[in-house]
Amino acid sequence: MSSHTPSLPHASSEDAQTGMAGAHSSTHILVVEDDPEIRALLQRYLQRLGYDVSTALNRAGIDAAQQRKPVDLTLLDLMLPDEDGRTLCQHLRQTSHTRIIMVSALSDSRDRISGLDLGADDYVTKPFDLEELAARIRAVLRRPLSDATPPAMQTAQHYRFDNWLFEPAKRALYGKTGVRVALTGSETDLLLAFCQNMHRVFTRAELLTHMHDDEKTVDPRAIDLLISRLRRKLAHEGRQLELIRTIRGGGYIFDPDDTKA
């Protein structure tokens, strides 16, 4: 058994009552963990508390669990063999409303802060106490879900502006000749924010809230560089059009002649 594998305690009366009363096999918890002993132990323990539990090792397993039934809470290990938990956290935030508790042997405060900044609702370090974990799960489940639609669910439509066709789901821009201009994740997030809020002035800090890519744009001044990159890609025959204008002392505004596809 792994040195990080907790022992399975007897379910307390509070755990049993709260778990069964709150779940009734309807609360769906997804355990994303590559250690088979920890994964099996968590599954048995949470099922004993009355939760409907799925397990996964990677993105494919996560998507399969979501298709089976919407996931209410995900226990997400950071150290995974295919993609790390940070990348999968971003994926979950963009594709679902699930609450997320990161579980990791990384205990440094910077790791905790990084996990929470990525959108995790809580962060638990290994080795952990199962009863404490159960309490954290109950606390997170009591929090209301956001009414906001996840970013990836907002990208079904296309946007047309100034002879461009923007397809967020493909991270692509198409000019009037049909030539594709590939976008990075951050450029896609930024342009999507602009297209959904045309003619609105954004501060740098407000634009940062729309960044979900793994480029980890954390410095508000880095937005300036990202704007510059996007302007170059929106250039027409070598000429940068004023589609994204700088507002002195204010930020940026996307101001094309727009129509939505």
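Only the coordinates and a few stated rules stand behind these numbers; no lab work does. Predicted model, so just to flag it, every value in this text is computed and none were measured. Heads up, the Cβs are rebuilt from the backbone with ideal geometry, glycines too, and the neighbour counts pull from every protein chain shown.
A few comments on the model shown:
- Taking amide H as placed 1.01 Å from N in the peptide plane, residue 124 has its amide H under 5 Å from the amide H of 102, 103, 104, each at least 5 places away in sequence or on another chain.
- Extension gain, residue 83 to residue 233, is 51.1 nm, computed as 0.36 nm per intervening residue step minus the present C-alpha separation.
- Amide H contacts of residue 31 (H built 1.01 Å from N, in plane; Pro and chain starts excluded): 54, 55, 56, 75 sit under 5 Å, all sequence-distant by 5 or more or on other chains.
- HN-Hα J in Hz across segment 189-200 - Karplus 6.51, -1.76, 1.60, θ = phi - 60°, x for Gly and Pro: 4, 5, 5, 5, 4, 5, 5, 7, 9, 4, 6, 9
- Förster-model FRET efficiency, 51 Å R0, residue 246 and residue 48, C-beta, rounded to 0.05: 0.30
- Amide H to amide H, with H built 1.01 Å from N, residue 210 comes under 5 Å of no residue 5 or more places away or on another chain.
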